[in-house]
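As structure tokens, the structure follows; a few thoughts come after it.
The values are calculated or read from the model by the stated rules, or taken from the named source; none is laboratory data. Remember, predicted model here, so these are calculated numbers, not experimental data. Ideal geometry is used to build each Cβ from the backbone, glycine not excepted, and the neighbour counts take in all protein chains shown.
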Amino acid sequence: MLAFHTVFGKTVPDISLNAVANLGYAEGRWLAPVWPGDTLQSSSEVIGLKQNSNGKTGVVWVRTTGRNQHGAPVLSYVRWVMVRKRDVDAPAPATVVPDLADVVPADNLSIPEGLDFGAYDFAQAGEPHRWGDYTVGEQIDHVDGVTVEEAEHMMATRLWQNTAKVHFDTSARPDGTRLIYGGHVISMARALSFNGLANAQMVVGLNAGAHANPCLAGDTLRAWSEVLDKAATHAPGIALAAGGDKGRRAVRVARCGRKVLARGAAGPRLLGAGTCLRMSGDVRGNATTPHPPSL
């Protein structure tokens, strides 16, 4: 996720510095490993526009590619963001809504060359579960929760060089709150899913995602996952987990499909797992005792 956050952060000044909200993602692929010392840069192409019914805002779709210092692509994804019109009296542009794939096909995913989990130590990993231990439709409650605070989410967002004002400036939103960067919420889902998916090693794809409601400081996050699919890969001893993250603060705040590398039970396999992130708390984020999800 570090590569995603860094590439995303570099797009903010041109796309979402003054945005109302980032809304969703699709067709995300991690294309090559990123190593310490690499330099990342981002470029984006506008692929869709649609004015909202209020005439004051609209949605912009962009396809972003992150490249390293050699010009090699390391990440590609689509996102859409709500922005304000410069002139509310200006005529609406022609509506163009891109046709985006529901999922990233397994054969379009990039597995790092030479990656081999043949000597993987399950005792050190903390869980014995392999590809063969999961079944399609299985649901896993990850049990743990984490309460997000102001300092930590702003520190993380600054680290990714994401300068969007809604994450830092209380005057940028009518209710005077700082909106937590949606990527931070997704990272929390990934971290919480360790309890039950400890052998998921790398994120390689992002099927689709949406930030349906805001996440604010003081909210408590919890997660559960559902296995969605299985398929083969060409890499020895490796499985992939494909899924969707959902977040709630009394209501859902985000959902996001992802694929991650894991250790297979008997050779290379693709494991699809959807993770649901839910948050408990009232509208000001006072934590409450969570109820188990209806699984």
- Examine segment 113-135 for a residue that is in a strand (DSSP E or B), closer than 17 Å to residue 193 by Cβ, modelled with pLDDT of 85 or more and not aromatic (Phe, Trp, Tyr), and state whether such a residue exists. no
### Message
Please verify whether residue 102 is exposed (fewer than 11 other Cβ atoms within 10 Å of the Cβ), in contact (Cβ under 8 Å) with a residue 12 or more places away in the chain and either of a type in the set (Asp, Glu) or closer than 25 Å to residue 52 by Cα (or both), treating the condition exactly as stated.
### Response
yes
Scanning segment 14-56 residue by residue, those among the basic types (Lys, Arg) and more than 20 Å from residue 165 (Cβ to Cβ) turn out to be 29, 50
Would you confirm, using the coordinates I've provided, whether residue 196 is more than 18 Å from residue 28 (Cα to Cα), at pLDDT 85 or above and touching a strand residue (DSSP E or B) at 6+ places or on another chain (Cβ under 6 Å)? yes
When restricted to 163, 177, the only residue of a type in the set (Ser, Thr, Tyr), under 18 Å from residue 16 (Cβ atoms), free of Cβ contacts under 8 Å to residues at least 60 places away in the same chain and surrounded by 12 or more Cβ atoms within 10 Å (Cβ to Cβ) is 177
Looking across segment 215-229 at residues that are touching a Ser or Thr at 6+ places or on another chain (Cβ under 8 Å) and outside any strand (DSSP E or B), the single one that is nearest to residue 195 (Cα to Cα) is 219
When every residue in segment 167-183 that is part of a helix (DSSP H, G or I) and modelled with pLDDT of 90 or more is compared, the one nearest to residue 77 (Cα to Cα) is 167
Of the residues in segment 1-52, those that are of a type in the set (Gly, Ala, Ser), surrounded by fewer than 16 Cβ atoms within 10 Å (Cβ to Cβ) and either in contact (Cβ under 8 Å) with a residue 12 or more places away in the chain or touching a His at 6+ places or on another chain (Cβ under 9 Å) (or both) come to 43
Among residues of segment 194-213 being buried (at least 20 other Cβ atoms within 10 Å of the Cβ), of a type outside the set (A, V, I, L, M) and over 13 Å from the mean Cα position of the chain (by Cα), the residue nearest to residue 125 (Cα to Cα) is 199
Filtering segment 12-65 down to residues that are part of a loop (DSSP other than H, G, I, E, B), in contact with a Ser or Thr (Cβ under 9 Å, 6 or more places away or on another chain) and β-branched (Val, Ile, Thr) yields 20, 34
Within segment 105-129, residues being among the polar types (S, T, N, Q) and either surrounded by 11 or more Cβ atoms within 10 Å (Cβ to Cβ) or in contact with a strand residue (DSSP E or B) (Cβ under 7 Å, 6 or more places away or on another chain) (or both) number 2
